[in-house]
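Single-structure report; data block below.
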Amino acid sequence: MEAPPAVVPKDSKTHRPKRSQVSRACARCRRLQKGCSERRPCDRCIKVGLAEQCIGRQTSEETVQSHTPQSPAIGLALAPSTPFATAGTLPPTTNHGFIPIHVINYCVDRYFSHLFGTIPILTSSYVSSITSRCLEQRDTAWREASCLVSALCALVMLQVEEADGYSFPGMVSETNGSYGRSLLDRALLERHHLPLRPRPSMELIILTFLIYACHARLCRHSQAFFFLRESATLLLLHDPEPNFVGTEDISSVVYQRLFWVLLISERSNAIRYRRPVTLQVTKAVSGLDEALVDHPHLVGFRCLALLFQPLDTAFFALLNEESSRRTHSVQELGSIESAINSALEPASDHSLHDTQKSNLRVTQLWLRIILWQMRLRLGFLSEKRDPISLSYSYPLELAKDLMLSTRDLSLEAMRVHGIGLTEKLFDMACAVVDVLARVPLSVTQPVIELGFEPVNNLRYLRHLITELPGGASVYTDLLDKHVEEFLPDMVL
C-alpha cells in the first residue's frame, strides 16, 4: 500500500527548481524573435516556403555578436513585427536581414518606368551606389542607404503594384499591399535607430520624403504631413556647397532635383489641406533649366514645376486667409493664372508619357479651380463670361475640359499618381456641384448656350474618382453625400 503524500503547510514556502531556459528556436525564428516549434524544419519556416533554410540554433559566439551594439548587422536584423518579415525571404547567397536583391532590382525597374516621370529624384548611378553600399556595408552610412532602399521598395509596392496581387510568388507570401506596408514598417523601424547628425545626409532626406509618399498613399494624412515637413526642414539644414561647388557628381544632380520635388509636393499638400509652406524659390536655388538640363524624360516634370513655381508665400497667405491689412487686386491672381496657363508647352506634349500627361492636365485644371474659389471668396466674380475665368460658371467649363483631355488616357496612367490625383478630381467635382446648386443654369446661362450638358461631365468625374486610389473607399461616398445635400433631385 502506497504511503499518502506528505501534506505541506500553506504557510510554508516551497521552492520549485527553476526550469533551465534552453533556446531551441531555429536560427531564422531566433533572428526574427518569433515563436518556433521543436521539430525541424519548424512550422513557421514551412509556412513561408523556407523549409530548406531551417537550421538549428546558432553558436553562442554568433548569437552574442548579433546582439552586440557594435555589430554591423543590427540595423537590418531589427525586422518589424509582420506576418512574414522580409528578412526571412532571403536566399542563402544574400546578406541575412536584407531585402532580396531580386526584389530590389524589380522595384528599381518599376520606379524608373512608372514613378520617375513625376518623382525624378534618383538616378541609376545613385541607386547603384546606395545598393552596393548596403550589400558591402563598406562605410558608416550604409544604414541610411539600407533604410532608403526599404522605403523605395515600399513605395513601389504600394503605389505601382496591384494591392491584391503577388509580384514575388514563391518568395513573398504576402500580397503586394501587405508586403508594401511591411517594408514601410521596416523602414520606419530602421530610421528610428539611425544616429542624429548636425548635417543631414542626402540619403536621410530622400528616405524621409519616400516615407511621406508611402503614408500619403495609405491616406495617413497626419503622418504624411509630418514627414513631408520634416524632409523640407532637413533639406534646408543640408548644405551642399562644401561638396558640390564646381562638381558634376551624382549627389549634386540628386540634390537639385530633390528641391523641386519637395517644393511641388509641399505646395500641392498645402493647397489641399490649407497649410503653410517652408521652401521658397530664391536666387540661391538652381533654376529648372539647370537642374533638368539634357534630360528629355524630365520635360513633363519641368512643366509640373512651372505650375507650382508662381505660387509663392503671398499666395498661400491669401489662400489660408492670413490676417493682413493688405488689399488684394484682380490682377494679382490674374498674373498667377497666366503663369499656370503657360506652364504646359503644347509642343512638348507629344514627348510626354501618358502618366505625365494625366498628372499635368489634371493638376493644371485643379489649380484653376483653386483660383476660382479664391476669387469667389474675394468677390471678384461676375455674371459676365468675359473673361470666362471670372464667371460663376467657370468650373463647368473646366469639368468639360477635363473630360476632353483625359478620356484618351488609361486608368493605369492615372492610378500611378496615388490618392493625390483622386483628391484633385474630388475638389473639382465638388466645385461643379456647388455651381449647379447655387448658380442655377436656368438663371445664369442656359444649357444650350453652354454647348454641353454639365451633369454628364459630373458623372464622368464621379466615375474617375471611383476607379482611382481611395475613390471607392472614401471620396465617392463623400461626393454622393455632397450631391445629396445640395442637389437632392440629381441622380448620378
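It is to be established whether one or more residues within the range 354-377 are not in a helix (DSSP H, G or I) and not charged (D, E, K, R).
Initially, the range 354-377 is screened for residues not in a helix (DSSP H, G or I), giving none.
For the range 354-377, residues not in a helix (DSSP H, G or I) and not charged (D, E, K, R): absent.
For Leu189, are the conditions met, namely being among the hydrophobic types (A, V, I, L, M, F, W, C), assigned to a helix (DSSP H, G or I), in contact with a Leu (Cβ under 7 Å, 6 or more places away or on another chain) and within 16 Å of Val261 (Cβ to Cβ)? Show your work before the answer.
Details: among the hydrophobic types (A, V, I, L, M, F, W, C): yes; assigned to a helix (DSSP H, G or I): yes; in contact with a Leu (Cβ under 7 Å, 6 or more places away or on another chain): yes; within 16 Å of Val261 (Cβ to Cβ): no.
Against the criterion (among the hydrophobic types (A, V, I, L, M, F, W, C), assigned to a helix (DSSP H, G or I), in contact with a Leu (Cβ under 7 Å, 6 or more places away or on another chain) and within 16 Å of Val261 (Cβ to Cβ)), Leu189 does not qualify.
Based on this model, can you work out whether Ala151 counts as within 26 Å of Ile419 (Cα to Cα) and touching a helix residue (DSSP H, G or I) at 6+ places or on another chain (Cβ under 7 Å)?
Values: within 26 Å of Ile419 (Cα to Cα): yes; touching a helix residue (DSSP H, G or I) at 6+ places or on another chain (Cβ under 7 Å): yes.
Here the answer is yes, as Ala151 does meet what is asked.
If I go through the range 269-289 residue by residue, how many of them are closer than 19 Å to Ile205 by Cα and in a helix (DSSP H, G or I)?
Going through the range 269-289 one residue at a time, the tally reaches 1.
For the range 167-178, give me the residue count where each residue is touching a helix residue (DSSP H, G or I) at 6+ places or on another chain (Cβ under 7 Å) and either in contact (Cβ under 8 Å) with a residue 40 or more places away in the chain or not in a helix (DSSP H, G or I) (or both).
Total satisfying the criteria: 5.
Taking the condition in contact (Cβ under 8 Å) with a residue 60 or more places away in the chain and of a type in the set (A, V, I, L, M), does Ile205 pass?
Numbers: in contact (Cβ under 8 Å) with a residue 60 or more places away in the chain: no; of a type in the set (A, V, I, L, M): yes.
No: the conditions fail for Ile205.
Keeping to the range 192-202, report how many residues are in a helix (DSSP H, G or I) and farther than 12 Å from Ser231 by Cβ. Steps first, please.
Taking the range 192-202 as the starting set, the residues that turn out to be in a helix (DSSP H, G or I) are 192, 202.
Of the ones still in play, those that are also farther than 12 Å from Ser231 by Cβ are 192.
Selection size over the range 192-202: 1.
Since Met171 meets every condition but one in (1) surrounded by fewer than 20 Cβ atoms within 10 Å (Cβ to Cβ); (2) within 23 Å of Ser132 (Cβ to Cβ); (3) out of contact with any His (no Cβ under 9 Å at 6 or more places or on another chain), which condition does it not meet?
Failed condition: (3).
Just one of the numbered conditions (1) charged (D, E, K, R); (2) in contact with a helix residue (DSSP H, G or I) (Cβ under 6 Å, 6 or more places away or on another chain); (3) more than 30 Å from Thr282 (Cβ to Cβ); (4) buried (at least 17 other Cβ atoms within 10 Å of the Cβ) is not true of Lys357; which one?
With respect to (1) charged (D, E, K, R); (2) in contact with a helix residue (DSSP H, G or I) (Cβ under 6 Å, 6 or more places away or on another chain); (3) more than 30 Å from Thr282 (Cβ to Cβ); (4) buried (at least 17 other Cβ atoms within 10 Å of the Cβ), Lys357 is out only on (2).
Ser338 versus (1) at pLDDT 90 or above; (2) hydroxyl-bearing (Ser, Thr, Tyr); (3) touching a Leu at 6+ places or on another chain (Cβ under 9 Å): which is the lone unmet condition?
The one condition Ser338 does not meet is (3).
Can you tell me which of Leu344, Leu304 is part of a helix (DSSP H, G or I) and either surrounded by fewer than 17 Cβ atoms within 10 Å (Cβ to Cβ) or outside the structural domain of Val285 (by TED's automatic domain parsing) (or both)?
Leu304
For Ser146, are the conditions met, namely being surrounded by fewer than 21 Cβ atoms within 10 Å (Cβ to Cβ), under 16 Å from Val127 (Cα atoms) and among the polar types (S, T, N, Q)?
Numbers: surrounded by fewer than 21 Cβ atoms within 10 Å (Cβ to Cβ): no; under 16 Å from Val127 (Cα atoms): yes; among the polar types (S, T, N, Q): yes.
No: the conditions fail for Ser146.
Please tell me if Arg197 is farther than 30 Å from Tyr475 by Cα, more than 18 Å from the chain's Cα centre (by Cα), surrounded by fewer than 24 Cβ atoms within 10 Å (Cβ to Cβ) and not assigned by TED's automatic domain parsing to the domain that holds Val416.
Working: farther than 30 Å from Tyr475 by Cα: yes; more than 18 Å from the chain's Cα centre (by Cα): yes; surrounded by fewer than 24 Cβ atoms within 10 Å (Cβ to Cβ): yes; not assigned by TED's automatic domain parsing to the domain that holds Val416: yes.
When the stated conditions are applied, Arg197 passes them.
Which of the helices (runs of 4 or more DSSP H) found entirely inside the range 34-134 contain at least 1 residues meeting this: at pLDDT 65 or above?
Details: elements: 43-47, 60-66, 74-77, 101-110.
Those helices (runs of 4 or more DSSP H) span 43-47, 101-110.
Go through Lys400, Lys424 for me and flag whichever is among the charged types (D, E, K, R), under 19 Å from Leu492 (Cα atoms) and surrounded by 17 or more Cβ atoms within 10 Å (Cβ to Cβ).
Working: Lys424 fails: under 19 Å from Leu492 (Cα atoms).
Just one listed residue meets the conditions, Lys400.
The values are calculated or read from the model by the stated rules, or taken from the named source; none is laboratory data. The shown structure was predicted, so the numbers you read here are calculated from the model rather than taken from an experiment. Positions of Cβ are backbone-derived with ideal geometry, glycine not excepted, and every protein chain shown enters the neighbour counts.
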